[in-house]
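Sharing a structure here in structure tokens format.
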Amino acid sequence: MRLDEAAQRAVIDLLRRLETGEQPGPEEAREFLGPTGEELTAQFQRTSALVGRLRRRERELLALITSTHDLVQIHDVQAVLNRLVGRAHDLIGTEVTYMSLYDSRTDELFVRASRGTVSPLFPGLRVPAGVGIASRVVHTLAPQWVADYWGTADFSHDPEIDRAITDEHLRSILGVPVSADGEILGVLFAADRSARSFGRDEIALLSAFADQAALILRTARLFSEATEAAQRAEKHADDTATAAQVHEQLTTLVLSGHSPREMAATLSGALGRPVCVADRDLALLASAPEEAEVWWRSGSLIPEAVRAAERSRVSGRCAHVGSHGLATVAAVVAGSAFLGLVLVGEAQAPPTELEQLTIERSAQILALLTMRQDALTDAEERVRGELALDLLSGSGETESLERRARARGIELDRPWTVVALPVPDERRHALLRSLSGGRGWLAAAQEDGVAVLAPVDGPRELAEQVRARARQTERAPVIAVAGLAQGPASLPEVARETWDCAQLLPHLTDEDGIFLTEEYEPYLSMFGTDGRRARRFAERLLGPVIDWDSKHGTELTDTLITYVDHGAGVTRTARALFVHPNTVKQRLERLTALLGPNWQSPESLFRLGVAARLHRIRTKRPC
């Protein structure tokens with residue numbers, strides 16, 4: 001059928017209006033086409049709707065391309081998420097749009113960005129594994145939607161999610177997967193606060209946007225990871241350079257002969273942490289700053305650090321502590337020898353691997369410093385020990401002895417004190433090391449222990465100092481026997497008497513302490529070094545009296561000694577004992593009953609006095 005001229009003008013006009021984007025309604029189309037154009041009118045309406053959808057799709061695709069172009073320029077992941085959700089919100093036109101990221105390790109999702117939400121519960125909302133629309137989208141990799149959230153019972157609900165949905169008054173929800181190359185990154189949601197269905201065009205549009213979003217998001221993640229890796233590499237390079245500089249500084253300190261104090265300060269400055277250095281006995285050597293000394297309680301290192309020190313000693317690596325403000329420790333070892341400990345305090349973060357390596361290298365350098373100091377100390381002490389041995393033995397020329405003593409600031413021609421410390425052979429070296437370097441004295445190992453000698457005329461004072469130093473190392477009782485020589489020439493004789501006394505004492509007393517040879521010379525003359533013989537002598541002569549005192553709590557032995565010391569005078573004895581003379585007489589009668597009638601003869605009285613004094617040595621604790 002051929003259209004007349006008027007109909008053609010009407011069709012042309014309608015097509016022109018369709019071209020410009022107008023969509024005339026049915027009435028307007030009939031008005032143009034007239035009553036004969038019903039079929040044409042219906043076809044025009046269908047064509048007009050199709051053109052409208054195509055135009056809308058064109059606008060949506062243009063929006064997708066524009067969004068992709070803009071978002072590719074953003075590399076921060078959170079910023080990308082915020083922009084993606086914002087673009088999706090504008091594109092879809094729903095009241096609420098949000099995106100949840102997927103954690104494949106736990107099969108959970110977390111809301112990371114949203115638009116249109118008002119509830120404080122929504123940001124960061126956690127979706128447990130297998131719950132809600134989100135989990136269904138993840139597991140099916142397909143869009144899922146509900147027209148009415150509260151009227152749908154074919155998926156699992158979670159109280160926290162339901163509370164957030166209630167706060168937002170959401171009812172219709174559409175979720176599409178955000179995935180790239182089969183890897184699910186998250187779920188993009190569009191939601192309204194009224195119940196409604198989602199058309200195929202909306203689902204397709206949001207899915208298309210989600211596909212683009214997945215590529216953009218993964219690109220941003222890769223860029224972020226690459227940036228972080230580059231930053232880590234740069235930081236590692238900087239840290240490596242810093243560690244090398246610290247290593248060089250510490251090595252220079254060793255070569256220039258500095259002490260552990262400078263090493264602790266250097267390491268503390270490099271790490272930004274408190275640092276302490278302990279010696280082989282775990283005693284504090286140096287700290288930087290000084291408040292790091294809190295790791296010692298009453299002079300002893302805290303048990304947690306002691307246990308960590310043993311682990312580090314075995315492994316050769318840093319050992320974690322993590323308490324009392326102490327982060328880690330590193331043992332200072334040379335072969336199997338334990339030389340000390342480096343302790344490093346806590347900071348805002350645990351020590352990095354590179355920092356731990358720096359600490360371990362510092363421990364190695366400290367080992368070198370310790371061995372160097374030990375070598376110098378050993379060399380000096382060997383010289384001093386040789387001087388001590390020559391003085392004790394009386395060998396060596398006087399001129400040579402004076403020159404060697406003068407080189408060490410020792411005045412030779414004056415009274416000397418000798419202190420003998422008897423110890424077993426296996427403990428002798430450790431004791432000698434602890435006594436070496438004592439102020440103003442010389443030390444040397446001898447056959448029965450360690451001897452210390454110094455140009456002083458106070459035997460008891462020197463013995464107290466030496467014994468105090470020895471007890472820091474010795475865990476067993478320490479006997480210190482001191483003798484005084486009037487000059488270096490008499491040192492060998494006094495030294496022999498001192499060692500003889502040290503050999504005699506263990507059989508006379510079970511106590512450790514300080515003993516002076518001048519107090520025991522009579523017993524050495526009578527019994528030599530045979531302490532057992534002296535003990536048997538006292539027990540044989542005085543046995544009944546000792547038993548009586550032990551059973552009755554009396555002091556007949558002391559009365560006997562005082563009686564002998566005061567010329568066997570009753571009055572003088574009573575005065576010395578602060579008792580009545582009749583009390584002394586009663587005690588003497590008891591002694592007669594125990595010892596026999598002849599005990600007051602001069603010879604017997606002498607022997608009994610010696611025996612009583614030997615017994616007193618055994619029962620009275622020395623200094």
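For the range 177-215: of the residues being buried (at least 22 other Cβ atoms within 10 Å of the Cβ) and of a type in the set (Val, Ile, Thr), which is farthest from Ala129 (Cα to Cα)?
Only one residue fits best here, namely Val178.
Could I ask something else about it? Can Pro522 be described as loosely packed, with under 14 Cβ neighbours inside 10 Å, in contact with an Asp or Glu (Cβ under 8 Å, 6 or more places away or on another chain) and not hydrophobic (A, V, I, L, M, F, W, C)?
No: the conditions fail for Pro522.
Then there's this: Scan the range 436-454 and give yes if some residue there is at pLDDT below 80 and assigned to a helix (DSSP H, G or I), otherwise no.
No, there is no match, as no residue in the range 436-454 is at pLDDT below 80 and assigned to a helix (DSSP H, G or I).
Here is a follow-up. Within the range 269-283, can you find the residues that are in a loop (DSSP other than H, G, I, E, B) and of a type in the set (A, V, I, L, M)?
Within the range 269-283, Leu282, Ala283 qualify.
Sort out which residues of the range 567-618 are on the phi < 0 side of the Ramachandran plot, surrounded by 13 or more Cβ atoms within 10 Å (Cβ to Cβ) and of a type in the set (Gly, Ala, Ser), and write them in order of number.
Within the range 567-618, Gly569, Ala574, Ala576, Ser604, Gly609, Ala611, Ala612 meet the criteria.
With Gly483, Gly440, Gly458 as the choices, which residue is within 46 Å of the chain's Cα centre (by Cα) and not assigned by TED's automatic domain parsing to the domain that holds Leu605?
On inspection, the qualifying residue turns out to be Gly440.
Does Arg613 qualify as being part of a loop (DSSP other than H, G, I, E, B), closer than 23 Å to Glu521 by Cβ, among the basic types (Lys, Arg) and at pLDDT below 85?
No: the conditions fail for Arg613.
Still on this structure, I have one more. Among the residues in the range 521-534, are any hydrophobic (A, V, I, L, M, F, W, C) and either part of a strand (DSSP E or B) or closer than 12 Å to Leu421 by Cα (or both)?
The answer is no, given that none of the residues of the range 521-534 is hydrophobic (A, V, I, L, M, F, W, C) and either part of a strand (DSSP E or B) or closer than 12 Å to Leu421 by Cα (or both).
Give the residue that is modelled with the lowest pLDDT, with candidates limited to residues of the range 152-162 that are surrounded by fewer than 20 Cβ atoms within 10 Å (Cβ to Cβ) and out of contact with any Ser or Thr (no Cβ under 9 Å at 6 or more places or on another chain).
Top of the filtered list is Ala153.
Also: Quick check on the range 589-597. Is at least one of its residues in contact with a helix residue (DSSP H, G or I) (Cβ under 7 Å, 6 or more places away or on another chain), assigned to a loop (DSSP other than H, G, I, E, B) and in contact (Cβ under 8 Å) with a residue 24 or more places away in the chain?
No: zero hits.
The values are calculated or read from the model by the stated rules, or taken from the named source; none is laboratory data. Small disclaimer: the values here were computed from a predicted structure and weren't measured. So basically every Cβ, Gly included, is an ideal-geometry build from the backbone, and we count neighbours across all protein chains shown.
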